[in-house]
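A quick write-up on the structure given underneath.
The values are calculated or read from the model by the stated rules, or taken from the named source; none is laboratory data. Computed from a predicted structure; not experimentally measured. Note that each Cβ is placed from the backbone with ideal geometry, even for glycine, and that neighbours are counted across all protein chains shown. We work out accessible area using only protein heavy atoms, side chains counted, and drop any ligands, DNA or RNA first. Shrake-Rupley method; radii C 1.70, N 1.55, O 1.52, S 1.80 Å.
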There are 2 protein chains.
Amino acid sequence: MAKKAKKTDPAPVKPAKTRRAKKLDEKDKLTLSLISSTADRVRRSIDQRILPELRFPIRSLSNVKYDSKIGYFELGRGRKARALSVSTVKSFAQTLRLMSISKEMVENDDFATKREAYYVSKNWGDAKFNDQPESDAVMDDIEALASLDGLAREQLRFYPEEHGGSVAGNLIVIDRDPETGADVVIDCTGFGSGSYSIPHSVEHLRFETEAKFVLAIETGGMFQRLNNHKYWKTASCILVETMGVPTRATRRFIRRLSDEKKIPVYAFVDCDPYGIANIYRTLKVGSGNAAHINRFFCVPNAQYLGVTPQDILDFKLEDATHVLAPVDVKRAKDALKNDPFFQAHKAWIKAIDQLVKMGVRAEQQALAKWGLNFVIEEYLPRKLANPKSFLP
Amino acid sequence: MAKKAKKTDPAPVKPAKTRRAKKLDEKDKLTLSLISSTADRVRRSIDQRILPELRFPIRSLSNVKYDSKIGYFELGRGRKARALSVSTVKSFAQTLRLMSISKEMVENDDFATKREAYYVSKNWGDAKFNDQPESDAVMDDIEALASLDGLAREQLRFYPEEHGGSVAGNLIVIDRDPETGADVVIDCTGFGSGSYSIPHSVEHLRFETEAKFVLAIETGGMFQRLNNHKYWKTASCILVETMGVPTRATRRFIRRLSDEKKIPVYAFVDCDPYGIANIYRTLKVGSGNAAHINRFFCVPNAQYLGVTPQDILDFKLEDATHVLAPVDVKRAKDALKNDPFFQAHKAWIKAIDQLVKMGVRAEQQALAKWGLNFVIEEYLPRKLANPKSFLP
């Protein structure tokens, strides 16, 4: 239905403008060297008239090992080879092209979302991706490969669509100006009732803080209450809103902050199987089907402040609970039966057991039963007086 | 399963600490006067031994009027009365108690989320809410009542759970310190690769800006690209990420910014029935079943920059499109058939018609087909050179 056939024609694809305002850092160099050595190996094979081959870690639970001292699922030694053949030629070419884009982006200090990378392929002729699951699978392979060298997908400059949660409190984040490379100093005490929104990639950020702990908060409502009452000042802490299951960027932000500044992380979520087995578990040890990225994106030293099943009794929240739905009960039983993390901790087995027997769940905002600011004046001070009581 | 029966008992409900650091503003006074006069009326009836009655606007499409000059669905004159009787005594009491909490919160400069308000009721004895839909319905009535006086729910101090989208660019937001009442100055050019996260309520914010327009962006990926390349500097604008359908806080933020600073708002969303009929339509004229709040939460002067169906042809995006799903087609046809907004604009009827006939949709990131920064270097400059071509 193109009634007016326009003559305007999009410009031909131009190479991205160079806008590298900062020197390559160590991780950038490592990324470029990984890409070059992979390409060199392929090239050498071809020169020697040997069919080239790419080898990737196998990404599945069967190729995962768990050591509770390390604290997250690690990738095993299983590898799959993608040898060049008639049937693999397309995905072979796609892998190399995606790596080549990655090289360009590191050199130009640019990035692409997974979706953009998919669209860029539309100019690759026969090698173009037919749909995004196809490009995502190739990207996951590259990501798993890079993870062996300690590199996350973000270092390859493929960024997630979603950014991170909100932050407020005793923290200075040092970002850099993409044009000039100059430091950009962001004081997270300075946003009034608003907050700082974590960027899509946090690898380049630096931190300064005197805070005693990070409080990772599930709901926007609770974050808002604690921020609007400047609880971060009262308790000398950093508030991070996870908005449900934390995104990659949020997890990585908390992990780097906690590692580099050596401060504990306390999770404050709803007392239900989702809050425990999805939000908290993912924050702490990562997820089973993404073992190749857990080493970067989990926060092994996180602890569970609350709301615990015992809190429902201790703080008399019984009449502010909801009955567990069958899906909740199933989730809880699955955690006990199949999840190596919960199985490794008796305290968790006991707590989940208690929750299932009580048959109810409590939201963190249920504390408002005792007054809107009971959480600030009573609950958090009482819990924080005894961090040893936190669930592991 | 409370094995250790703890003796700790939650403190009794305490009145919230007064923390009003700023004087009541005009809207606060109007809110208090609305609550007092409503309560007085009830009291007078009782003193005269007449059964008291509360009257609320009817919240439904049947009580809505639409004038394209005004630009949003307005509440009609229909009212429903809630007279005190055996069957209404509970909701009557709940309404008064919620209004009484609202009064307290205005006086103490505090707030409650809808969920918190629900939990607070757990201490109301027989008047407590049994579930949140019950409390939400009562709150919606109060909100509709207040809207007649030009007051939004936020002024009653009931805040949404969800905060707003992210902001970056040529804008200074002036918030206030909840403790001291002092101005908090937030420079939205100063967040590096991160951004400013709009608070849950924006009524108290003030703005300073020299920007030429606000660009409301659907996806996190596109916002990230424009922000990381400091497009707000190149184009002298303010970038707002709506994250799909914009929240109340995001819509109100854009509306106030646009009204008070007299700057146009351009929407940049995916070219599909959801982007057009849900995201853009909600931003511009509000939604049908919430007519009592549209006057505050829509942005009548918003215009649709793109991606338009014609853009798919003009920018040769055909091979980067997706086939419209049946649900998309249904949504588009519904818009043409039932939506007074689209029906009022021939240009929209034509555009939606064109989209349905083409049978495809295009995401805003599809522009990456021509290079990652084609959107910055070609697409946006070409579109912005001719704002008159924007869809209404």
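Between residues in region B:118-136 that are within 11 Å of chain A (Cβ to nearest Cβ) and residues that are part of a helix (DSSP H, G or I) and open to solvent by 40 Å² or more (accessible area, probe 1.4 Å), which pairs lie under 7 Å by C-beta distance while being six or more apart or on different chains?
Qualifying pairs under 7 Å: B:TYR118/B:GLN132; B:LYS122/A:ASP319; B:TRP124/B:ARG97; B:GLN132/B:ARG115.
Out of the residues in region B:324-360 that are among the charged types (D, E, K, R) and within 26 Å of the chain's Cα centre (by Cα), which is most open to solvent (accessible area, probe 1.4 Å)?
B:LYS337
Mind telling me which of the residues A:ASP140, A:ASP177 ends up being within 14 Å of another protein chain (Cβ to nearest Cβ) and of a type in the set (Asp, Glu)?
Being within 14 Å of another protein chain (Cβ to nearest Cβ) and of a type in the set (Asp, Glu) holds for just one of A:ASP140, A:ASP177, which is A:ASP177.
Do any helices (runs of 4 or more DSSP H) entirely within region A:310-392 hold 1 or more residues that are touching a strand residue (DSSP E or B) at 6+ places or on another chain (Cβ under 7 Å) and of a type in the set (Phe, Trp, Tyr), and if so, which?
Fully inside region A:310-392 and qualifying: A:346-358.
Please state which one of B:VAL245, B:VAL265, B:VAL269 is open to solvent by 30 Å² or more (accessible area, probe 1.4 Å), more than 15 Å from A:TYR196 (Cα to Cα) and more than 10 Å from chain A (Cβ to nearest Cβ).
Unique residue meeting the criteria: B:VAL245.
Quick one: A:LEU317 ticks every box in (1) open to solvent by 10 Å² or more (accessible area, probe 1.4 Å); (2) within 14 Å of chain B (Cβ to nearest Cβ) bar one, so which box is it?
If we test A:LEU317 against (1) open to solvent by 10 Å² or more (accessible area, probe 1.4 Å); (2) within 14 Å of chain B (Cβ to nearest Cβ), just (1) comes out false.
Filtering region B:277-311 down to residues that are open to solvent by less than 10 Å² (accessible area, probe 1.4 Å), at pLDDT 95 or above and over 16 Å from the mean Cα position of the chain (by Cα), which residue is farthest from B:PRO160 (Cα to Cα)?
So, considering only residues that are open to solvent by less than 10 Å² (accessible area, probe 1.4 Å), at pLDDT 95 or above and over 16 Å from the mean Cα position of the chain (by Cα), the one farthest from B:PRO160 (Cα to Cα) is B:ASP311.
Take the residues of region B:187-204 that are more than 7 Å from chain A (Cβ to nearest Cβ) and open to solvent by 20 Å² or more (accessible area, probe 1.4 Å): which is farthest from A:GLY221 (Cα to Cα)?
B:THR189
How many residues are closer than 24 Å to A:TRP370 by Cβ and in contact with a strand residue (DSSP E or B) (Cβ under 9 Å, 6 or more places away or on another chain) if we restrict to region B:121-152?
Going through region B:121-152 one residue at a time, the tally reaches 3.
Taking the conditions exactly as written (facing chain B (nearest Cβ under 9 Å), open to solvent by less than 50 Å² (accessible area, probe 1.4 Å) and of a type in the set (S, T, N, Q)), does A:SER166 satisfy them or not?
Against the criterion (facing chain B (nearest Cβ under 9 Å), open to solvent by less than 50 Å² (accessible area, probe 1.4 Å) and of a type in the set (S, T, N, Q)), A:SER166 qualifies.
Criterion first (modelled with pLDDT under 95 and in contact with a Leu (Cβ under 8 Å, 6 or more places away or on another chain)) does B:VAL356 satisfy it?
It is false that B:VAL356 is modelled with pLDDT under 95 and in contact with a Leu (Cβ under 8 Å, 6 or more places away or on another chain).
Looking at region B:47-67, can you tell me whether even one residue there is loosely packed, with under 13 Cβ neighbours inside 10 Å and within 30 Å of B:PRO178 (Cα to Cα)?
No, the conditions are met nowhere in region B:47-67.
Just give me the residues in region B:124-153 being in contact with a helix residue (DSSP H, G or I) (Cβ under 6 Å, 6 or more places away or on another chain), open to solvent by 30 Å² or more (accessible area, probe 1.4 Å) and either part of a strand (DSSP E or B) or not charged (D, E, K, R) (or both), in sequence order.
Listed by number, the list holds a single entry, B:GLN132.
Could you list, in sequence order, the residues of region A:310-347 that are in contact with a Cys (Cβ under 7 Å, 6 or more places away or on another chain) and more than 24 Å from B:PHE129 (Cβ to Cβ)?
none
Name the single residue that is surrounded by the most Cβ atoms within 10 Å (Cβ to Cβ) among those in region A:85-109 being among the polar types (S, T, N, Q) and without any contact (Cβ under 8 Å) to a residue 24 or more places away in the chain.
A:THR88
Within region B:213-241, how many residues turn out to be under 23 Å from the mean Cα position of the chain (by Cα), away from chain A (no Cβ under 12 Å) and more than 21 Å from B:THR282 (Cβ to Cβ)?
So the answer is 1.
On the basis of being more than 10 Å from chain A (Cβ to nearest Cβ), aliphatic (A, V, I, L, M) and buried (at least 23 other Cβ atoms within 10 Å of the Cβ), does B:LEU156 make the cut?
Considered against the rule, which asks whether it is more than 10 Å from chain A (Cβ to nearest Cβ), aliphatic (A, V, I, L, M) and buried (at least 23 other Cβ atoms within 10 Å of the Cβ), B:LEU156 comes out as yes.
Can you list the strands (runs of 3 or more DSSP E) lying wholly within region A:166-260 that have 2 or more residues being in contact with a strand residue (DSSP E or B) (Cβ under 9 Å, 6 or more places away or on another chain) and closer than 26 Å to A:TYR304 by Cα?
A:166-169, A:172-176, A:195-197, A:206-208, A:213-217, A:237-241
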